[in-house]
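J.: Dumping the structure here so I can ask a few things about it.
The values are calculated or read from the model by the stated rules, or taken from the named source; none is laboratory data. No experiment lies behind these values; they were computed from the predicted model shown. Because the Cβ atoms are built from the backbone with ideal geometry, glycine has one as well, and the counts that use them run over all protein chains shown. Remember, those area values only see protein heavy atoms, side chains included, never the ligands or the DNA or RNA. Shrake-Rupley method; radii C 1.70, N 1.55, O 1.52, S 1.80 Å.
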Amino acid sequence: MSVASIAGNVVRDPFFKEEDGKTTFARFTIAEDTYFKGKTSPVYMNCIAFGGVAEVVKKHVSKGVFCIVEGRLTSGYYKDKETKTTVYTYDIV
């Protein structure tokens, strides 16, 4: 299994989905600064947490919080309804 790690600040408050009073998953985005030739630019990575980890995210993670995420990198795609183009996505799960 490939392992991906990212450390940075949470961009916005996480989105949670709950069923039967328990959090089933949490989705949030982390921004990390990268440096190249003396310039910085942010890299945004979407993160998804399930089950007990989603409960921990619910208790401790909010906008602006620095956190380190480790998981597997997954990719996917969908068709944009407006532009009819294919959009590729990458998430750490």
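J.: Using Cα positions and a limit of under 16 Å, work out the lysines in reach of K59, with same-chain residues fewer than 8 apart set aside.
T.: Result set, ordered by chain and number: K17, K22.
J.: What does the helix-only formula give at 222 nm for the chain: each DSSP H stretch with n ≥ 4 adding -39500 (n - 2.57), the total divided by the residues, and the result rounded to the nearest 500 deg cm²/dmol? Write out the running numbers ahead of the final one.
T.: Details: 1 runs with 10 residues, N = 93.
-3000 deg cm²/dmol, from helical runs alone.
J.: Return a whole-number percent for the relative contact order of the chain, with Cα pairs under 8 Å and 6 or more residues apart as the contact set. Display every interim value, and only then the final one.
T.: Values: 191 pairs, mean separation 29.9, N = 93.
Relative contact order comes out at 32 percent.
J.: Right, something else. To check you understand DSSP bridge types, tell me what percent of the beta bridges within the stretch 21-92 (both residues inside) are antiparallel, rounded to 5. Working shown, then result.
T.: On the way: 19 of 21 bridges.
In the stretch 21-92, approximately 90 percent of DSSP beta bridges are antiparallel ones.
J.: Something else: For the stretch 1-88, what does the accessible surface come to per residue with a 1.4 Å probe? Please give it in Å².
T.: Numbers: 6740 Å² over 88 residues.
Accessible area per residue: 77 Å².
J.: Continuing with this model, one more query. Select from the chain those GluC sites (Glu not before Pro) which occupy a DSSP coil region and have at most 11 other Cβ atoms within 10 Å, ordered by residue number.
T.: Here the GluC sites (Glu not before Pro) that fit, given the DSSP loop and packing criteria, are E82.
J.: Also, quick follow-up: Leaving ligands, DNA and RNA out of it, report the carbon-plus-sulfur percent of the accessible area of the stretch 19-93 at a 1.4 Å probe.
T.: Details: 3150 of 5730 Å².
Percent of accessible area from carbon and sulfur atoms in the stretch 19-93: 55.
J.: Please list the radius of gyration and Dmax for the chain, considering alpha-carbon atoms only, with Å as the unit.
T.: Computed over the Cα atoms of the chain, radius of gyration and Dmax are 14.8, 51 Å.
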